[in-house]
1. With only alpha-carbon atoms counted, please give the Rg and Dmax of segment 62-112, in Å.
2. For segment 34-173, what is the charge dipole size about the Cα centre, in debye to the nearest 20, if Lys and Arg each add +1 at the Cβ and Asp and Glu each add -1 at the Cβ?
3. By counting other Cβ atoms within 10 Å of each Cβ, how are Asp504, Asp102 ranked from fewest to most?
4. Ordered by residue, what ³J(HN,Hα) values in Hz, to whole numbers, does segment 276-283 give under the Karplus form 6.51 cos²θ - 1.76 cosθ + 1.60, where θ = phi - 60° and Gly and Pro are x?
5. State the Cα centre-to-centre distance between segment 259-295 and segment 430-459 in whole Å.
6. Filter the trypsin sites (Lys or Arg not before Pro) in segment 88-183 down to the DSSP loop ones having no more than 16 other Cβ atoms within 10 Å, then list what survives.
7. Just check segment 163-316 against the gyration tensor rule for me: Cα atoms, a ≥ b ≥ c as the square roots of the eigenvalues, rounded for a/c under 1.5, and otherwise prolate or oblate depending on whether a/b exceeds b/c.
8. Multiply the residue separation of Ser408 and Ser458 by 0.36 nm, subtract the distance between their alpha-carbon atoms, and state the gained length in nm to one decimal.
Amino acid sequence: MRHCLTTYIAIWLTMLLTSCSKGNEGYDHDEAVRRVLEVQKIQNLNPGDPLAVPRMETIIDSMCASGKDACYFGAVNVLIDRLFSDVRYAEADSLAVRMLHDAEEAHDSISISMAKRVRAQIFFKLSQPERAMKEIVSAQGYISDPLRSGSDFGTATSIDEWIHIIARANADTASMASAGKRYADTVDLYINRNSPPDSTGHYQVTALAFKAENALLNAETSKARLLLDSASLLTVKTIPARAYEHFYEARSLMYASEGDYAASLADIDTLLNTHRCFPWFYLRDLRLKAEILNDAGLHAESARTYSRYIAYHDSLSAKLTDRRLKDLTLLYRSELAREEKRTNTMRLLGMGSVTLMLLILLGLTYKNTLTERKRNRLLVERLHEFDRTSHTLIEKIAEQSQETEEASLISRLDRYMATEQPYCDPTLGRKELAEYLGISQDALAQLIRTEYDQTVHSYINFFRSEEVRRIIDSDSTETITEMAQRLGFGTPRTLQRAFKERFDMSPTQYREASASLRIPENQ
């Protein structure tokens with residue numbers, strides 16, 4: 001059954017080979033085609049050979065040396081599928097990431113979209129449909145004209161086909177219908193401009209199947225039958241059913257809608273046989289079969305099929321987990337065995353890089369600390385200079401407020417706060433200050449907002465913070481907790497927050513900067 005999948009891939013690969021680069025000086029197009037076909041041949045004819053992957057890698061490495069073109073990326077795509085089929089998930093994903101990186105470096109839009117599609121397939125097969133959809137949709141933006149060349153056409157239709165598959169898994173019928181229509185339109189336009197894209201009929205049959213599915217979504221059963229009858233005439237009996245999977249699925253749905261459950265189940269059994277080695281599709285077929293059996297009134301058989309579905313789903317989930325762990329373990333061991341020297345070198349380089357990074361971070365941290373200390377010292381020095389010219393800010397406020405007997409309301413309030421220190425009461429607020437001035441609370445708030453562009457709470461904390469600064473500058477041993485309790489802050493955290501808002505540094509940083517001013521910088 002694995003041969004069916006590689007035959008299906010060969011359909012797409014044939015499209016790719018028609019447009020491998022020919023213009024580069026020294027580029028041997030025929031040799032590139034021969035190599036990529038050799039990779040495909042190894043994949044087709046050696047399903048269980050453990051030496052198949054190394055042989056494919058050798059050919060791909062030689063292709064890489066000649067340049068990373070469409071043929072090279074096509075061969076890499078086949079290798080990724082082989083790794084995935086061999087349950088080497090970590091290597092497959094790593095190679096897909098590298099393929100994307102190489103394509104981006106080469107500024108090859110088709111190869112970028114191809115790499116993204118490959119990654120989306122991997123996510124889908126690892127039961128991550130949402131992530132798969134995100135990756136496959138992003139691949140669309142790299143194809144400006146799907147009719148420009150064979151590879152553009154093959155990649156564009158493959159992307160839409162996978163959007164359709166992933167949307168079905170997500171039960172997103174709108175995206176299914178949109179992707180199916182795009183696929184069919186692209187195939188129709190290509191045939192109108194060129195000869196049919198391949199002799200297998202895969203593209204035409206799939207396009208008709210998608211049209212039929214959209215007709216079924218609109219309850220147009222007669223139209224769906226005409227489309228599927230046309231598709232049936234284009235199928236080739238010698239080509240594995242895998243190439244026509246969408247046709248069998250659409251026809252099964254059509255038969256079920258007409259009540260011909262026997263014919264519907266026959267097509268589902270064809271799909272089950274085709275997908276036996278592809279569990280991500282086999283599960284979907286089982287569930288669809290159970291639903292058709294239930295619609296046919298065969299409830300006991302439907303229940304047994306649902307039981308098979310549940311058991312297979314649970315088994316697959318467990319196997320996926322085990323395989324991922326096994327794959328990672330085998331990959332790690334083989335890397336150690338084959339490239340111990342390289343691993344040790346990389347480990348030393350890694351340790352050196354980490355050490356260098358830590359030293360850089362330490363250096364930057366130390367530099368930032370010195371810069372911050374210098375900034376804090378300068379700020380405190382300026383505050384001290386201000387204090388020397390006008391005593392302290394609070395004292396200056398008190399003096400200015402006494403210049404006239406008929407002091408303004410705000411001057412009276414400033415003098416009261418500076419001399420009486422009512423802010424030491426943690427309950428001090430709008431009510432108490434308004435009563436002192438003999439005005440309403442709203443009038444008080446408006447007064448402070450007009451004069452200082454502050455709230456009443458910020459105004460009170462201004463005086464508290466200035467007192468904290470005065471205490472620290474006096475070289476007092478009073479702790480932050482003691483000051484917070486005595487000056488009405490309530491908690492040390494409240495004090496620290498208010499102080500930082502006022503002076504752009506914590507009390508501790510201020511104490512350190514203030515103390516450093518008492519010591520000459522050269523000491």
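Please treat every number below as a calculation from the coordinates, not as lab data. Note that the structure is predicted; figures quoted are calculated from it, not measured. Here the Cβ is made from the backbone with ideal geometry for all residues, glycine too, and neighbour counts use every protein chain on show.
1. 10.8, 31
2. Here segment 34-173 has a charge dipole of around 200 debye.
3. Ranked by crowding around the Cβ, least crowded first: Asp504, Asp102.
4. 4, 9, 10, x, 5, 8, 4, 4
5. Between the Cα centres of segment 259-295 and segment 430-459 lies a distance of 78 Å.
6. Here the sparse-neighbourhood loop sites are Arg148.
7. Prolate, because a/c is 1.5 or more and a/b exceeds b/c.
8. Extending this stretch completely gives an extra 16.0 nm.
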